[in-house]
Amino acid sequence: MAALFYLPRLFVYHAKHNDEKLLSSVFKVMESRLYGVIANPAMIVVWLSGIYLVYVQGNQFWLNLKIFFVFLMTLYHFFLFYALKRFKDDLNDYSERFFRIVNEVPTVLVIIIVGLVVFKPNL
């Protein structure tokens, strides 16, 4: 989650200073390492542990719903990869404001996911 919270914040600053070549190159390295070293391995661990949880817990409504929101978080993860590639190729056309708004997506999703785990609603 740390990477999914921090990467869009880096994109905000990168978009703001995209015309400054030195800063842009520093942001590119930071973003690439954050995504490759932290975000990708974490996503793999999340999905492996989620599959194990389904195996142990069985088919339950709250768990199916949680997995759906984790899937949405995974789509967000892949969108960040798309944005990362756009920055790497100097083709970013998203604004600083856009990334400030997008930065709130994981917050909403994590509140829903944790809420489902804690309250385990059964319908």
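All of the numbers you see were taken from the coordinates with simple rules; none came from a lab. Computed from a predicted model, the values in this text were never measured in an experiment. FYI the Cβ positions are ideal-geometry reconstructions off the backbone, even for glycines, and counts take in every protein chain you see.
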Of the residues in the stretch 51-63, those that are small (Gly, Ala, Ser) and either under 12 Å from the mean Cα position of the chain (by Cα) or closer than 12 Å to LEU116 by Cβ (or both) number 0
Name every residue in the stretch 9-39 that is surrounded by 15 or more Cβ atoms within 10 Å (Cβ to Cβ) and of a type in the set (S, T, N, Q), in order of residue number.
ASN18, SER24
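One line per residue, one yes/no per condition, for (1) farther than 16 Å from PHE5 by Cα; (2) over 14 Å from the mean Cα position of the chain (by Cα); (3) of a type in the set (Asp, Glu):
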{"residue": "TYR35", "(1), (2), (3)": "no, no, no"}
{"residue": "TRP47", "(1), (2), (3)": "yes, no, no"}
{"residue": "LEU65", "(1), (2), (3)": "yes, yes, no"}
{"residue": "HIS77", "(1), (2), (3)": "no, no, no"}
{"residue": "LEU80", "(1), (2), (3)": "no, no, no"}
{"residue": "TYR94", "(1), (2), (3)": "yes, yes, no"}
{"residue": "PHE98", "(1), (2), (3)": "no, yes, no"}
{"residue": "VAL105", "(1), (2), (3)": "no, no, no"}
{"residue": "VAL117", "(1), (2), (3)": "yes, yes, no"}
I need the full set of residues from the stretch 69-123 which are exposed (fewer than 13 other Cβ atoms within 10 Å of the Cβ), over 30 Å from LYS21 (Cα atoms) and in contact (Cβ under 8 Å) with a residue 40 or more places away in the chain, in order please.
THR107, VAL117, PHE119, PRO121, ASN122, LEU123
Out of all the residues in the stretch 8-17, is one or more in contact (Cβ under 8 Å) with a residue 60 or more places away in the chain, within 30 Å of LEU63 (Cβ to Cβ) and assigned to a helix (DSSP H, G or I)?
yes
